[in-house]
Every structure is written in structure tokens, then in C-alpha cells.
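The values are calculated or read from the model by the stated rules, or taken from the named source; none is laboratory data. These numbers were taken from a predicted model, which means no experiment stands behind them. Glycine gets a Cβ as well: all are built from the backbone with ideal geometry, and neighbour counts include every protein chain shown. Note: accessible area is taken over every heavy atom of the protein model, side chains too, but ligands, DNA and RNA are not part of it. Shrake-Rupley method; radii C 1.70, N 1.55, O 1.52, S 1.80 Å.
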Amino acid sequence: MMHKFLTKCDEALAEISAQGRYRRFVALEKLADRFPYYSVTMEGKTRDILVWSTNDYLAMGTDPVVIEASIDAAKRFGAGAGGTRNIAGSSPLHVALEEELADLHGKDAALLFTSGYVSNQASLSAILRSLPDWHVFSDAQNHNSMIVGIKDARQATVHVFKHNDMADLERLLAAAPADAPKLIAFESVYSMDGDIAPLAQICDLADKYNALTYLDEVHAVGMYGEHGGGVSERDDVARRITIIEGTLAKAYGCHGGYITGDFKVLDYIRSVAAGFIFTTALPPPTVAAALASIRTLKADNARRALLFNRAETLKQKFRDAGLPVMPSTSHIVPLMIGDAAKATEVSMRLIREFGMYATPINYPTVPRGTERLRFTPGPKHTDAMMDNLVAALQHILQPAQAVTA
């Protein structure tokens, strides 16, 4: 007799498939010397494809300086850390990277985690478990890692405010007990819609209602601000934010997450957060690569400027072609499809017919009916590549227009 759990698995997977949102991984082989080209084997054939949906926003994962730093560290320190930070896993590289991150955000200290997801989940949980009467105010579009961290602190009172709606946030803050500890949790760049939070206004409300602030900058660090400190650096509000969280896995092209803030706060999280205490430290080659990437990007405004030029160019090309590009004030370019099965179909046709890859974004990552393709053009995507992409999308999405043209 089949166990009830296995039956449940079959039923759930069948439902997900019927809704057109079953996720099939495309095994992409990154070509470091030809990025953003990858190699893919499908239906028995191997071919190169042009990838439009990588989170390696600035191509730092293939930068020679970053690669060499990783190789040198592997030869010197070995492949792995060999333990948690408390058990022989803390090297001078880890300390140097934390110091570099603290400096990047103008904070007293930084703390490394094994991923951006873990840094959010572990840190928010640790903070909100510290007192019995926390009130936390969470943006409606916050990342799952933040939601899980908040829910993990079961004694906290949770208020979800409408996305980037300052009037709704103030309404909730004003209604909370005046003497209760408060925390506002939000992101800077929201990666599915590509919009940006009004950081200064949130800080004003935090000051008015005596709330701490927790900012997720994972889709902004490395790219925004004079040194890559994120939107908080660009908007000159980093000093007003209690904790700034970021990742090493996107613009920096490596792996890992971190938080920065007041030394005492971070020392507390370091001492109580299970997601930090019981996890093996980041491998030295990864830490060395991230350190090289951050130091390089701190002084490379030209690369940042080119990223935004590429994003704005693609948005305009989509608009000129009549393609359903969504409004975006960031480097992220979402194209509305509106149906899960169609989004997957368009993605697969781009690969099979045109040698291009764009990730379909379906529920539960975005609400049903707002399924989309997510494009992240980077410094190495040329105008000619964009023109070919536009022509391919017109052929798939606007066949009548394509034939007429």
C-alpha cells in the first residue's frame, strides 16, 4: 500500500503540472570565457545559448581577477572551511571580508552567512525572538526568506503593509502600542517587478514611531551607489538604517549572504542565531573571490553605469516593439505574459528556436495571472543581441506583426 505522504506527493505534483507551473531545471553550462553565453544539451544536441536571466548582473562571476583570487585561495587554504565559524572555520579571509562589508555600508561590523536566504531567516528570527512583544511591519512583497524569518518568531505581532505604501505603513505604526519594540522589514530593489522602495520615507517613519529598520539590499549591492553600497548608499540613508542585509551571489558573482550594523546587535545575532552557529563557514576560495569582487566594484563606476545603460536600452527596445514590458525603475526588465503555461512555452521556444534563455517566473513567486519572463541585461549584452531578442519575442508573441514586418 502506498504511504499517504507519497499519495499526497503524486496529487500535488499532478496539480502543479496541470496549472502549467511545474518547474523543470535547464542544465546550463556557464562559459566563463564567453559569458553571457552558456552551453546546453537538449534532446541529444549540445548548443550554445545566450542567457538573459542570470543574477550575475555585472559578470563578476567570470571576471579574471575574481577567478584568480579563488584559485589562489584554494591552493593556500584548501577547498573547504573545515568547520563552523566556532569550530576551526574562521580564517583571516572571513575576517577581512566582514571588515570590507562593514566599510561598504558604513557600519560598525558585518556577519557572514552561507546564503542571503539564511542571513534573512536567521537574523530576523533572532531579533524577533529577543523580546516577547515585538511588532514587525513587513512589506507585502518581501522575499520568502524574510517572511520565514518573521514567522519563525511566533510571539511577534506581524503587520503586513501594502507594497511601498507609506500611508498604509504609517497607519499600522500609529495603531501599534507606543511603547512596544518595532521593526520595519523591507527591500530596496524588488526583483520581480523591478521597483524600488522609498527608503528615506521609511526612515522618516521609523524615526517618528521609534522603530528599527531591516533592509534587504540583495538586488542592489554592487550596482547602486558610488561604491556599490546599494540604494541606501545612493539615497544617502545607510547611516539611518539599523541592519543592512546583502548577498555575495548576485552582482558580486560569488556565493554567501551577510548582515551589517551595530557591533552589539551583530554580536548578539552571532551568539544566538542557529542558522549561523550550526552551519559550516563559507569556503575560503569563495570568500577570497567575494573579497576581490567587492574591492574591484568599489572603484568601478563605469561597469555600474554600463549595466543601467543596458537595462534602459532593452526597456526602450521592448517598448518600441510593442512588447508588454512592465514598468521598472531598476536594472530588472520584466515582460508580462499573464499565464504560467504560456510563460514556460515562450521560454522553451526561445531556447529551441532562437538559442536564447529567459527564466519564466510563475506562482508562487508572483501572483497567479502575473506570470512573466524576467530579463537582466548586463554589461556584455550588446545592442545586436537585444535586436535579435526582440525579433524572437515578436515572432513568438506577435506572429501576425512578425509576418507583416
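Quick notes
- When the solvent-accessible area of region 207-256 is split by element, carbon and sulfur atoms take up 44 percent of it, the probe being 1.4 Å.
- Cα centre as origin, Lys/Arg/Asp/Glu Cβ charges: the chain dipole, Debye: 860 debye
- Hull volume in cubic angstrom per residue (convex hull over the Cα atoms of region 1-82): 215 Å³
- Degrees separating the helix 284-298 axis from the principal Cα axis of the chain, which is the longest one: 80 degrees
- When region 217-362 is reduced to its Cα atoms, the Kirkwood hydrodynamic radius in Å: 18.1 Å
- Cβ crowding within 10 Å averaged over residues, with 152-161, 212-221, 79-88 ranked highest first: 212-221, 152-161, 79-88
- Most mobile listed residue (M42, M146, M60) in the chain, GNM with C-alpha springs under 10 Å: M42
- The separation of region 261-306 from region 1-49, counted between C-alpha centres, amounts to 31 Å.
- In degrees, nearest ten, helix 92-105 long axis to first principal axis of the chain (Cα): 90 degrees
- Using a probe of 1.4 Å on the protein chains alone, the accessible area found for I150 is around 10 Å².
- The largest accessible area among E170, E100 belongs to the first residue in E170, E100, and the rest follow in falling order (1.4 Å probe, all chains).
- D (Stokes-Einstein, µm²/s), Kirkwood Cα radius, region 103-235, 1.002 mPa s at 20 °C: 142 µm²/s
- Hydrodynamic radius by Kirkwood, which averages 1/r over all alpha carbon pairs of region 201-284, in angstrom: 14.0 Å
- Across the chain, C-alpha contacts under 8 Å between residues 6 or more apart give a mean separation that, scaled by the residue count, equals a relative contact order of 21 percent.
- Region 326-405 shape via C-alpha gyration tensor axes, a/c threshold 1.5: oblate
- Measuring how big region 69-120 is from its alpha-carbon positions, Rg and Dmax come out at 12.2, 32 Å.
- Distance histogram in 10 Å bins (all Cα pairs of the chain, percent per bin): 5, 21, 29, 27, 15, 3, 0
- Trypsin sites (Lys or Arg not before Pro) restricted to DSSP loop in region 309-405 with at most 14 other C-beta within 10 Å: R368
- Oblate is the label for region 279-324, because the ratio a/c of its alpha-carbon gyration tensor axes (a ≥ b ≥ c) is 1.5 or higher and a/b is not greater than b/c.
- Label-to-label distance, N388 versus Q316, with points set 7 angstrom from Cα along the beta-carbon direction: 2.2 nm.
- Long-range tail of P(r) for region 116-175 (Cα pairs > 14 Å, %): 53 percent
- Column: log10 I(q)/I(0), Debye, Cα scatterers of region 1-138, q = 0.13, 0.17 Å⁻¹: -1.04, -1.17
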